[in-house]
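We did not get these values from a lab; they are worked out from the coordinates using the rules stated. Just so it is clear, the model here is predicted, and its values are computed rather than measured. Quick reminder, even Gly has a Cβ in these numbers, built from the backbone with ideal geometry, and neighbours come from all protein chains shown.
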Amino acid sequence: MSIETMTKVPVHISMIMDGNGRWAKERGKERAYGHFEGVESVRACVESSLEYGVKYLSVFAFSEENWNRPEDEVVALMGLMVKAMAAEMESLNRNGVRFMVLGNRARLSYELNAEIDACMDMTAHNEALTLIVFLSYSGKWDILQAAKKMAVEMVEHPEKREEFENMGTDGFDRYLVTAGIPDPDLIVRTSGESRISNYLLWQSAYSEFLFVDTLWPDFRKEEFRKALESYAKRDRRYGKVK
Ligand code: IPE
Ligand code: IPE
Ligand code: MG
């Protein structure tokens with residue numbers, strides 16, 4: 001399918017970027033080399049998203065569980081985040097990309113948080129594509145922080161009691177860190193693993209899933225196109241009869 005004939009393009013496509021370590025090991029290199037090459041794949045996906053008119057591209061870059069990895073790998077990954085942001089931001093901004101980081105930012109370093117704030121401020125007005133990096137994120141953490149925020153609001157605003165009692169699932173959405181962002185239409189996981197690893201639990205309720213064997217550093221434009229093709233063939237029924 002060419003860009004012109006791609007009928008159903010997802011509004012929000014999300015990537016569980018897995019397999020960097022195995023990719024590096026296959027080449028007899030350090031795991032960090034795989035993470036480094038993985039940044040190139042993110043760039044390819046950004047370019048493709050702009051070409052196909054995908055409005056939201058999100059990537060799972062570091063989970064809450066990933067803090068349990070050896071310290072040198074965590075340090076290398078965080079250093080790579082700072083470097084990649086500094087290197088890519090001008091070009092992202094030039095191409096109309098709004099950049100966001102979502103997750104438990106309290107666990108990130110001062111330096112990284114400062115870089116994130118600068119990049120988010122610089123690109124806040126852009127509208128062509130929103131690129132979301134999930135960093136120090138987990139689905140259960142997100143739901144819990146949302147519930148805590150809501151509990152505080154309930155205590156502080158007893159007059160809103162009825163509003164809370166009548167609240168539907170859409171009302172709860174606005175307490176999640178993804179408030180205002182449409183749920184992912186398609187979630188792709190690379191490297192042959194078929195699990196969600198505590199990613200967008202609430203938000204993936206009706207997402208389409210695609211599990212591919214390709215390791216993340218090999219996931220470039222051709223793989224992105226194939227993912228869109230797979231999505232275009234899906235029939236989303238949302239529990240209804242069609
Ligand atoms: C994905 O690649 C990147 C992160 C989870 C940070 P991995 O580092 O998980 O690579 P594998 O799965 O060990 O090959
Ligand atoms: C999932 O990858 C998290 C990210 C891609 C950031 P992992 O490699 O951490 O997942 P598990 O441990 O294999 O489930
Ligand atoms: Mg992995």
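Computed values, structure above
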| item | result |
| --- | --- |
| The chain - mean residue ellipticity at 222 nm from DSSP helices (-39,500 (n - 2.57) per run, n ≥ 4, rounded to 500) | -14000 deg cm²/dmol |
| Within the stretch 1-50, chymotrypsin sites (Phe, Trp or Tyr not before Pro) in DSSP loop having at most 16 other beta-carbon neighbours inside 10 Å | none |
| Relative exposure of ASP18, ASP213, ASP170, ASP183, judged by other C-beta atoms within 10 Å (fewest first) | ASP170, ASP213, ASP183, ASP18 |
| Calculated FRET value between LYS83 and ALA232, using beta carbons and R₀ = 41 Å, to 0.05 | 0.70 |
| Sites matching GluC sites (Glu not before Pro) across the stretch 167-242 that sit in DSSP coil, with at most 14 neighbouring C-beta atoms within 10 Å | GLU193 |
| Between the stretch 18-88 and the stretch 167-222, the alpha-carbon center distance in angstrom | 16 Å |
| Entries of LYS83/LYS233; LYS55/LYS149; LYS55/LYS233 with Cα pairs more than 26 Å apart | LYS83/LYS233; LYS55/LYS149 |
| Loop chymotrypsin sites (Phe, Trp or Tyr not before Pro), the stretch 135-242, which have at most 16 other Cβ atoms in a 10 Å radius of their Cβ (DSSP) | TRP202, TYR206, TYR238 |
| Relative packing of peptides 127-134, 74-81 - highest average C-beta neighbours within 10 Å first | 127-134, 74-81 |
